[in-house]
Structures are given as C-alpha cells and as structure tokens.
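The values are calculated or read from the model by the stated rules, or taken from the named source; none is laboratory data. What you see is a predicted model, and the numbers here were worked out from it, not measured in a lab. Cβ placement follows ideal geometry from the backbone for every residue including glycine, while neighbour counts extend to all protein chains displayed.
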C-alpha cells in the first residue's frame, strides 16, 4: 500500500511566528550583549588606569620624588620641563613635533609622541593609553566628524593628568604640586582623568586636564571628562587606587557632549564639586550662587 506523502513545509502563519520569536529574542539579547560589551570596555579602561598610575608612582620613586611633567605641549611652548613630560605631542618620522590644531598627523606620529614620554619605559604598550570605548581614533571628534579626510581630529590617547600635579597650574595659578610626597591627600587626589578632548586647540590631547578658566571667580568646568561607560568615567588616584565614577547631574553629561554650548558654571553640581575637591591646588569649594 502506497503511503501518502504529506507536505512538511511551514505555513505562512508558522513562518511569521518563528520570525516574531527570533525578533523577540534579538530584542532581549542585543541590549544584554551591549551592556556586557560596555562592562568589558570599562574593565579594560580601569586596568589601563592601574597601569598608568603604577608607572606614575614608580617614576616619582625613581626620580627623587619628582612628578613627571603633566603638560604634553611641544618643547618651547612654556610648558615646564618638556624632557620630563609623561607623554608628548605627535612626532613626525623626521623627529619634529607637530601638535598644532587642524594639522593632519598619522596614528604612528601619535604613537611616537606617546613613546617619547617618560612613563612609557614603565608601561611599554601604547594600548594602555587608549580606552576601548574611545572611538575618536576612527570617527574623529565633535569639532570635525570627517575623520577619514581630517586625521587631525582622530584622537588616540584617552587620558590626561590633572593640571594641579606639575601641570598647567604652574602658569594659571602660580602653583602646582611637584613632588609625590607633597600631595596632601593621596587617597582623594586624582591623577589620571579619562578625558574627552575635541581638538579645538591642538590635534591631540594637549596640555593637562584643567578645572576653571583663569578669570573664573567660582568653580567651573574647563576640560571635559569622557563619559564613555554608561554615564561614568574612570579616575586613578595618587595612592594608586582606581575608581569608576558615576555622574549624578545631567548638566555634567551635557557639558561632556558639547562644552561650547553648555554653561561651564553649574551651581550645586555634585560632579563638579567632587572634581574640585580632588584637585591638587586650592579652588573655591562652594559652587552655589554666582
């Protein structure tokens, strides 16, 4: 007796159900995968910070307690002892520095500048200078998003040292801590800041990380933290510990995204007050009022 073959193909309704189930699973999995990726990036970033702060402390111990120069400006730009800069401006293949705004430099030029810094012998890996969540080396910055044609804005180094630690405060306020042992509160004084620099004034993360403009009479933002880790950023401190800091005020996020169109004076902003309290030079501690 011949068996009757039955059609095993899916019906249209069954196919639609399968597609709907797949779409539902993707909707559930994609955010989870994205969160896992961001968590992994934050973990790598904190490991980078541990490597940097360890090198920073080791350098001071090997050099009579002296801190490296926090400024990364080219030599001759009134930036302290350029020879002791922790990292330097991009260096061309012929050895010339090229740190000017809007000037194209290659990633190799940026690497040469990093490797010329006094901390590199302790680190020996340029990857520790770059947070994996920092995509400026591909996309450019807010100033110029045409990264493929304007590599002047494809930043690589993701971290800077605060200006109160042998940095730009030498010129801004006339004071900057120059010895490791002179840091009054190592556990609350941050050293490396995960920063976002937009390339407005130079073609790399130039100088040091600053708070308050020179003419400011109240605490205010100047440079920007990089909020790359779900509204959080990383800091390393002078006692060697590393933390991921969660932003608590929406104004901080707005300023980090576009500092030129966001007020820098933000009264009663707990994020600003936290950064002021961890700054190595005296600043106004109360941000309320005008």
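Within segment 107-120, if we keep just the residues that are under 13 Å from residue 152 (Cα atoms) and surrounded by 14 or more Cβ atoms within 10 Å (Cβ to Cβ), the residue that is farthest from the chain's Cα centre (by Cα) turns out to be 109. Among the residues of segment 201-223, just one is in contact with a helix residue (DSSP H, G or I) (Cβ under 7 Å, 6 or more places away or on another chain), within 26 Å of residue 75 (Cβ to Cβ) and modelled with pLDDT under 90, namely 214.
Against the criterion of being at negative phi, at pLDDT below 95 and either surrounded by fewer than 16 Cβ atoms within 10 Å (Cβ to Cβ) or in contact with a helix residue (DSSP H, G or I) (Cβ under 8 Å, 6 or more places away or on another chain) (or both), residue 40 qualifies.
For segment 179-191, the criterion of being at pLDDT below 95 and more than 24 Å from residue 244 (Cα to Cα) is met by no residue. In segment 263-290, the residues that are on the phi > 0 side of the Ramachandran plot and at pLDDT below 95 form no Cβ pair under 6 Å with any partner that is surrounded by fewer than 19 Cβ atoms within 10 Å (Cβ to Cβ) and in a helix (DSSP H, G or I), whether six or more places apart or across chains. Among the residues of segment 150-167, are any part of a helix (DSSP H, G or I) and modelled with pLDDT of 95 or more? Checking segment 150-167: not a single residue is part of a helix (DSSP H, G or I) and modelled with pLDDT of 95 or more. Scanning segment 212-237 for residues that are in contact (Cβ under 8 Å) with a residue 60 or more places away in the chain and either within 25 Å of residue 128 (Cβ to Cβ) or touching a strand residue (DSSP E or B) at 6+ places or on another chain (Cβ under 6 Å) (or both) gives 223, 226, 228, 229, 230, 232, 234, 235, 236, 237.
Residues that are under 18 Å from the mean Cα position of the chain (by Cα), over 24 Å from residue 50 (Cβ atoms) and surrounded by fewer than 16 Cβ atoms within 10 Å (Cβ to Cβ) occur at least once in segment 187-201.
Identify, from the list 45, 131, the residue that is crowded, with 17+ Cβ neighbours inside 10 Å, in contact (Cβ under 8 Å) with a residue 60 or more places away in the chain, touching a strand residue (DSSP E or B) at 6+ places or on another chain (Cβ under 7 Å) and in a loop (DSSP other than H, G, I, E, B).
Of 45, 131, the one residue that is crowded, with 17+ Cβ neighbours inside 10 Å, in contact (Cβ under 8 Å) with a residue 60 or more places away in the chain, touching a strand residue (DSSP E or B) at 6+ places or on another chain (Cβ under 7 Å) and in a loop (DSSP other than H, G, I, E, B) is 131.
Looking across segment 48-66, just one residue is at positive phi and either assigned to a helix (DSSP H, G or I) or touching a helix residue (DSSP H, G or I) at 6+ places or on another chain (Cβ under 6 Å) (or both), and that is 65.
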